[in-house]
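Contents: one structure, followed by commentary.
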């Protein structure tokens, strides 16, 4: 999923099927160009990606943030104790 401003890419979310469980989607990467950060673009990318994953039949979403997790927690993700953040798709799409 790509976020654009004036037809220029400013952010992306890369999602894949989790190899350990075919009902789980993994948000592999969320990145936003620095001047566009802290404007809700990453959050919107995760929400839209989650809606897309729901349409594909995934039941849960997981993410492994490299830095900062507060924004994932605000979207309904919960740390499993190993910095593996998990949410059911309904929690994220309704956040």
Being part of a helix (DSSP H, G or I) and surrounded by fewer than 18 Cβ atoms within 10 Å (Cβ to Cβ) is the filter; apply it to segment 1-41 and report the residue that is farthest from the chain's Cα centre (by Cα).
35
Can you tell me which residue among 92, 33 is under 17 Å from residue 1 (Cα atoms) and in contact with a helix residue (DSSP H, G or I) (Cβ under 7 Å, 6 or more places away or on another chain)?
92
For residue 44, indicate whether it is in contact (Cβ under 8 Å) with a residue 40 or more places away in the chain, touching a strand residue (DSSP E or B) at 6+ places or on another chain (Cβ under 8 Å) and surrounded by 13 or more Cβ atoms within 10 Å (Cβ to Cβ).
yes
Say we look at segment 50-77 and pick out the residues that are out of contact with any helix residue (DSSP H, G or I) (no Cβ under 9 Å at 6 or more places or on another chain) and either modelled with pLDDT of 90 or more or in a helix (DSSP H, G or I) (or both); which of these is surrounded by the most Cβ atoms within 10 Å (Cβ to Cβ)?
62
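The values are calculated or read from the model by the stated rules, or taken from the named source; none is laboratory data. The shown structure was predicted, so the numbers you read here are calculated from the model rather than taken from an experiment. Quick reminder, even Gly has a Cβ in these numbers, built from the backbone with ideal geometry, and neighbours come from all protein chains shown.
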